[in-house]
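I have placed the structure first, in the form of structure tokens, so that the comments after it can refer back to it.
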Amino acid sequence: IPIAALGAIKVISLDYRMAPHHQHPAARDDLITVYKTLLDTYSPQQIGIYGCSAGAMIIGQAMVELKTHGLPQPAAIAMLCGAPYPWQLGDASAFVGALQNAPMPGPEAFAYFKPEDCNHPSAFPALKPELLATFPSSLLLSSTRDFCMTSVIYTHAQLVQRGVSAELHLW
């Protein structure tokens, strides 16, 4: 509601399928379905997609899927407090887990991912950084106490290395 009000824009909130009743790539496919429907009314240049935490990861998955099916990218994306790179591979998850006295589990501990998804670029596109080269302009946001901070920073660096217009904000 604040984004719609401040930006004087339409905002659609997606109630995507989640675990434990659904597994990857259900949420990504829900996002693709909504995006295709929006393309019936809007040009890709009029569409921005943003998501937080798991939603940020799903956006990364969807950008690869759009490219795979020859669909146009939206004008911009924002991945907030998450990114399409496994959070447990960086040191932030260990530090934040220690600060909170609760080590963060890897993706295999979450019912949304099948075991074979945990190291696959369809679930985490930044595992194969060349997939990021076709991403639209991107905003990435994290905080110093976010267990996904390393994932967000790594994804930003890979986007920039591939010539994608990407901005990083750490709070």
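The values are calculated or read from the model by the stated rules, or taken from the named source; none is laboratory data. Since this is a predicted model, take the numbers as computed values, not measurements. Here Cβ is always computed from backbone atoms with ideal geometry, including for glycine, and neighbour counts include all displayed protein chains. Protein only, heavy atoms only, side chains kept; ligands, DNA and RNA dropped before computing areas. Shrake-Rupley method; radii C 1.70, N 1.55, O 1.52, S 1.80 Å.
With the simple spin-label model, which puts each label point 7 Å out from Cα in the Cβ direction, the His69 to Asp91 separation comes to 4.1 nm. Take the Cα of His21, step 7 Å toward its Cβ, do the same at Ser43, and the gap between the two points is 3.9 nm.
Here the accessible area is traced with a 1.4 Å probe on the protein chains. For segment 1-95, carbon and sulfur cover 60 percent of it.
In this structure Glu130 has an accessible area near 100 Å², from a 1.4 Å probe over the protein heavy atoms. Angle of helix 149-161 to the longest C-alpha principal axis of the chain, folded into 0 to 90 degrees and rounded to 10: 50°. Remark on the chain: ratio of C-alpha radius of gyration to 2.2 N^0.38 Å is 1.00.
Give the relative contact order (percent, whole number) for the chain; include only Cα pairs under 8 Å separated by 6+ residues.
Working: 300 pairs, mean separation 38.0, N = 171.
About 22 percent, as a whole number.
Probing with 1.4 Å while keeping every protein chain in the model, the per residue accessible area of the chain equals 53 Å².
Across the protein chains, with a 1.4 Å probe defining accessible surface, the residues Lys114, Lys128 rank Lys128, Lys114 from largest area downward. With a Förster radius of 30 Å applied to the beta-carbon distance between Glu130 and Ile1, the computed FRET efficiency rounds to 0.20. Name the residue, out of Ala83, Ala56, Ala26, whose mean-square fluctuation peaks in a Gaussian network model built on the chain with Cα pairs under 10 Å. Taking springs between Cα atoms under 10 Å, the residue moving most is Ala26.
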